[in-house]
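Asker: Quick one: structure below, then a few questions.
The values are calculated or read from the model by the stated rules, or taken from the named source; none is laboratory data. Fair warning: this is a prediction, and the values are worked out from it, not measured in the lab. Every residue, glycine as well, gets a Cβ built from its backbone with ideal geometry; the counts of neighbours run over all protein chains shown. Ligands, DNA and RNA are excluded from the accessible area calculation, which covers all protein heavy atoms including side chains. Shrake-Rupley method; radii C 1.70, N 1.55, O 1.52, S 1.80 Å.
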Amino acid sequence: KTTSKFRGVSKRVQKWRFYLQVKNITYFESFNTELEAAQAYDKKAIELLGNKAKTNFPIENYTNKS
């Protein structure tokens with residue numbers, strides 16, 4: 001399986017990675033699990049796009065940490 005149910009996530013070789021492009025800059029990083037890649041995608045999207053980010057999980061999961 002190389003595709004993922006998560007936005008911006010795919011499998012490449014033996015690792016899952018996220019891929020995000022913002023303003024012609026591409027961000028990607030590899031992880032051991034699909035879930036880790038999806039969460040990293042969300043965090044990077046929020047970092048770059050703020051509340052306008054389209055995430056895999058509710059944005060509140062990342063912004064309401066105490």
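Asker: Scanning for something at pLDDT 95 or above and out of contact with any helix residue (DSSP H, G or I) (no Cβ under 9 Å at 6 or more places or on another chain), does segment 14-21 turn up at least one residue?
Answerer: Checked segment 14-21: at least one residue is at pLDDT 95 or above and out of contact with any helix residue (DSSP H, G or I) (no Cβ under 9 Å at 6 or more places or on another chain).
Asker: Taking segment 1-48 on its own, how many of its residues are within 18 Å of Glu60 (Cβ to Cβ) and basic (Lys, Arg)?
Answerer: So the answer is 3.
Asker: For the condition open to solvent by less than 90 Å² (accessible area, probe 1.4 Å), among the aromatic types (Phe, Trp, Tyr) and not in a loop (DSSP other than H, G, I, E, B), what is the one hit in Phe18, Phe57, Phe6, Phe28?
Answerer: On the way: Phe57 fails: not in a loop (DSSP other than H, G, I, E, B); Phe6 fails: not in a loop (DSSP other than H, G, I, E, B); Phe28 fails: open to solvent by less than 90 Å² (accessible area, probe 1.4 Å).
Result: Phe18 is the single residue among Phe18, Phe57, Phe6, Phe28 that is open to solvent by less than 90 Å² (accessible area, probe 1.4 Å), among the aromatic types (Phe, Trp, Tyr) and not in a loop (DSSP other than H, G, I, E, B).
Asker: List every residue pair whose Cβ atoms sit under 6 Å apart, with the two residues 6 or more apart in sequence or on different chains, where the first one lies in segment 47-66 and is touching a residue at least 12 places away in the same chain (Cβ under 8 Å) and the second, anywhere, is in a loop (DSSP other than H, G, I, E, B).
Answerer: Hits for this filter: Asn56/Phe6; Asn56/Arg7.
Asker: Any chance you could count how many residues in segment 32-61 are under 12 Å from the mean Cα position of the chain (by Cα), under 15 Å from Arg7 (Cβ atoms) and not β-branched (Val, Ile, Thr)?
Answerer: The number of residues fulfilling the criteria is 17.
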